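Chemist: Input: one structure, supplied below.
The values are calculated or read from the model by the stated rules, or taken from the named source; none is laboratory data. Keep in mind that this is a model prediction, so the values were computed, not measured. Cβ atoms come from the backbone with ideal geometry, glycine included; neighbour counts cover every protein chain shown. Accessible surface is based on the protein model in full, side chains and every heavy atom, while ligands, DNA and RNA are left aside. Shrake-Rupley method; radii C 1.70, N 1.55, O 1.52, S 1.80 Å.
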Amino acid sequence: MERNEALSTTRVARAASCSAQQVRDLEAAGVIPRAERAPNGYRRFTQVHVDAIRAYRLLAAAVGPTTARDTMRDLAADPADAALARIGSLHVDLALDRERTLLALEAVGAIREEPRDDDAELDAMTITQLAEALGVRPSTLRYWELEGLVRPTRRGRLGARSYPADAVREARIVSALRTSGRSIPATARVMADLRDHGGVDALHTVLAAHLEDVARRTEHLLRAGTSLVELRAALTGR
């Protein structure tokens, strides 16, 4: 197939392993260049459009469709240094995600090694003590409680918060999840699963699976990076 050979929507879809409707949708969204129109009104695509769809799909697998769409739209419009910097920043984001997940796995590993003491009174901590131990503010613990992530008990006439052993353990797990970059809703889902199905070992499984997912996405991004550089050269005529 010649690079400048005119291709129908169907041929582009077949070459890019997608549907004809997806080709039209990506063109309408500005993810791939606008196709020229033949005198009869039919779209005339080229190999560049096939390459753009392939690059987009790799990029979407790496960073999600929204970021992939934005990156593809700006690929040819941005100056060369800005376009390359944007692609580089995607690698940085994934590297940071990996680093956060490794730190969370390390924290969970430490939690797994801690002896479990069922004497709640022995290990109970105040909100100030626990905040200092975790390196967060007391207001953060109150927010986590509001979102159902941690469950302190209340003591005394004023209802002061007290964190027994189980609550301390849950707070440490929440801290590990938040360090790994998990959102509050995602953390809440994990905590609910931990309470229902398996404790810290289940969390370790979740984080290990996420680490594998980051590796997979990084591979897709590396493949997309080369395609994007070549695609930008074709789009800008350089």
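Chemist: If amide H atoms are built 1.01 Å from N in the plane of the peptide, which residues on other chains or at least 5 residues away come under 5 Å of the amide H of M125?
Modeler: Distant-sequence amide H within range of M125: Y163.
Chemist: Just the number please: accessible area per residue for the chain, 1.4 Å probe, all protein chains included, in Å².
Modeler: It amounts to 56 Å² per residue over the chain.
Chemist: Also: Counting only protein heavy atoms and using a 1.4 Å probe, what share of the accessible area of the stretch 158-238 belongs to carbon plus sulfur, as a whole percent?
Modeler: 52 percent
Chemist: Label-point separation (nm) for L84 and E99, each offset 7 Å from Cα along Cα-to-Cβ?
Modeler: Reported label-point gap for L84 and E99 is 2.3 nm.
Chemist: Considering the chain as a Gaussian network with a 10 Å cut-off on Cα pairs, which listed residue, V50, V190, V136, attains the greatest mean-square fluctuation?
Modeler: Looking only at V50, V190, V136, the biggest GNM fluctuation is shown by V136.
Chemist: Highest GNM mean-square fluctuation, the chain, Cα pairs closer than 10 Å: which of R217, R182, R14?
Modeler: R14
Chemist: Which of [x] -0.42, -0.73, -1.13, -1.22; [y] -0.56, -0.77, -1.03, -1.12; [z] -0.34, -0.62, -1.16, -1.32 is the computed log10 I(q)/I(0) by the Debye sum over Cα atoms at q = 0.09, 0.12, 0.16, 0.17 Å⁻¹ for the structure on display?
Modeler: Matching the structure shown: [y].
Chemist: Right, something else. Mean separation of Cα pairs under 8 Å and 6+ residues apart, divided by the residue count of the chain: what relative contact order is that in percent?
Modeler: It rounds to 24 percent for the chain.
Chemist: When the chain is treated as a GNM, springs tying every alpha-carbon pair under 10 Å, which of R69, R154, R112 comes out with the largest mean-square fluctuation?
Modeler: Of R69, R154, R112, the most mobile in the Gaussian network model is R154.
Chemist: Let me ask another. Could you please state how large a percent of the accessible area of the stretch 42-100 is carbon and sulfur, counting protein chains only and using a 1.4 Å probe?
Modeler: 54 percent
Chemist: On a C-alpha basis, how far is the centre of the stretch 1-46 from the centre of the stretch 185-226 in Å? Whole number, if you could?
Modeler: 36 Å
Chemist: Ok, one more. Could you check the simple spin-label distance between T66 and N4, using points 7 Å along Cα→Cβ, in nm with one decimal?
Modeler: Rounded to a tenth, the inter-label distance reads 4.1 nm.
Chemist: Further question: Only helical DSSP H runs with n ≥ 4 go in: add -39500 (n - 2.57) per run for the chain, normalise by residue count and round the 222 nm mean residue ellipticity to 500 deg cm²/dmol.
Modeler: So the calculated ellipticity at 222 nm is -23000 deg cm²/dmol.
Chemist: While we're on this one: Only four residue types carry charge here, +1 at the Cβ of Lys and Arg and -1 at the Cβ of Asp and Glu. Report the dipole size of the stretch 127-238 about the Cα centre in Debye, rounded to the nearest 20.
Modeler: Here the stretch 127-238 has a charge dipole of around 460 debye.
Chemist: Suppose R0 equals 30 Å. What FRET efficiency, 1/(1 + (r/R0)^6) with r the Cβ-Cβ distance, do V229 and S19 give to the nearest 0.05?
Modeler: 0.65
Chemist: If you plug each phi of the stretch 43-54 into the Karplus form 6.51 cos²θ - 1.76 cosθ + 1.60 with θ = phi - 60°, what whole-Hz ³J(HN,Hα) values come out, in order, with x for Gly and Pro?
Modeler: 5, 10, 8, 9, 4, 4, 5, 4, 4, 5, 5, 4
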